[in-house]
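Comments concern the structure below.
Here, each number is a calculation from the coordinates, and none is a lab measurement. Only a predicted model underlies this, so the values are computations on that prediction, with no experimental measurement involved. Note that each Cβ is placed from the backbone with ideal geometry, even for glycine, and that neighbours are counted across all protein chains shown.
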Amino acid sequence: MEDFREFKPLPKERWPEPYEVFKLRWPHRFFHRVYTRHYHRGFRISPSGIFMIAYYVDATGFDDFSPGMAWMHNFFPPLLPKELKAMEAYFGFTLPRAFREWFSFSNGGSFYAGHLDIYGWINERFSQFTVGIGLWSIQELNASMRRRGAPEHLWFFGAYTLRWDTHNYLYLDRETGLVHQTVSGEDWTPRGTWESVEALFEEAADTLDTYWNERGVRVKPFEGELEDRAVWAVQKQELEKEMEEEERKRQERNRRRREAYRRKKEEAKKKKEGDKKRPGKKRAGGKDGP
């Protein structure tokens, strides 16, 4: 159990239940760090047990492709003791205390709009969370990294990135006990290093909290975002020019079709009028035929 003496109780009307009970039901330091900083933007527990915290604006000066609102943090239901043992048996080692405490509290999670993800143990009970909710498979992550040549003593468990378009994976070096961040999905050279997963949580929260304001609007870009958006702006202008040219050609084709149809209709009308004026054939008796 974590020591929560440093956490100051919030006004009771803002908690879903009395604080003393609440902190016992959700006993993890990172959860309380996130909750106490972001609860004012809303929270709810879904029928399936996901604790969702803090609406954020998904359409700002930077996020302008997916307008709407979304939950910034998602904590999933915990693993049962037998499920935790099954995960350890699958990977062939006993998880360090901090990781056992985490998975006993939340089987994975997605935080800060997906810029910090802890992957989860996927079995039949948790397969419902893998579609459209954001729970990624820790089995598939490790299998994927093994296929790319990652050593067996590196255990991958999540992703943390300050880029907006890629994942820098997180792994535990079982030989040293240190937590590392990869350079990329193909290169597991450490880009960042922490003494523990708790230290990772603290630093990631301190850093990512600076990207959104109190109203949940992102106030600064992630790494590489402005450069990519500058390229996109040029590509967008070129695409718009191509679309304008295609539209001009389409309108010209339609104009020609209308002109051809009008001429054909006028010719048919003239022919019909000419047929009316043309005298009919005479019969043998000298009278015009009908």
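Approximating the spin labels as points 7 Å out from Cα along Cα→Cβ, the ALA260-to-ARG125 distance works out to 6.9 nm. Spin-label pair GLN139-THR166: with each label point 7 Å from Cα along the Cα-Cβ axis, the two points sit 2.9 nm from one another.
With the convex hull of the Cα atoms taken as the outline of the range 145-189, the averaged projected area works out to 3.0 nm². Karplus-derived 3J(HN,Hα) values for the range 208-223, using 6.51 cos²θ - 1.76 cosθ + 1.60 with θ = phi - 60°, are 5, 4, 7, 8, 10, 8, 5, 8, x, 9, 5, 10, 8, x, 7, 4 Hz; glycine and proline are entered as x.
Across the range 163-227, the convex hull enclosing all Cα atoms gives 88 Å³ per residue. Ordering SER106, SER127 from the fewest to the most neighbouring beta carbons within 10 Å gives SER127, SER106.
The largest-to-smallest principal axis extents of the Cα set in the range 75-162 are 32, 30, 24 Å.
Show me 74-83, 250-259, 209-218 ranked by packing, highest mean number of other Cβ atoms within 10 Å first. Intermediate results must be reported in sequence, preceding the final value.
Values: 74-83: 17.9, 250-259: 10.0, 209-218: 15.0.
Top to bottom by mean Cβ count within 10 Å: 74-83, 209-218, 250-259.
Want the number for SER46 to ARG248: 0.36 nm per residue separation, take away the alpha-carbon distance, what's left? Before the final figure, lay out the partial values.
Numbers: separation 202, 0.36 × 202 = 72.72 nm, distance 5.10 nm.
Stretched fully, the SER46-ARG248 segment lengthens by 67.6 nm.
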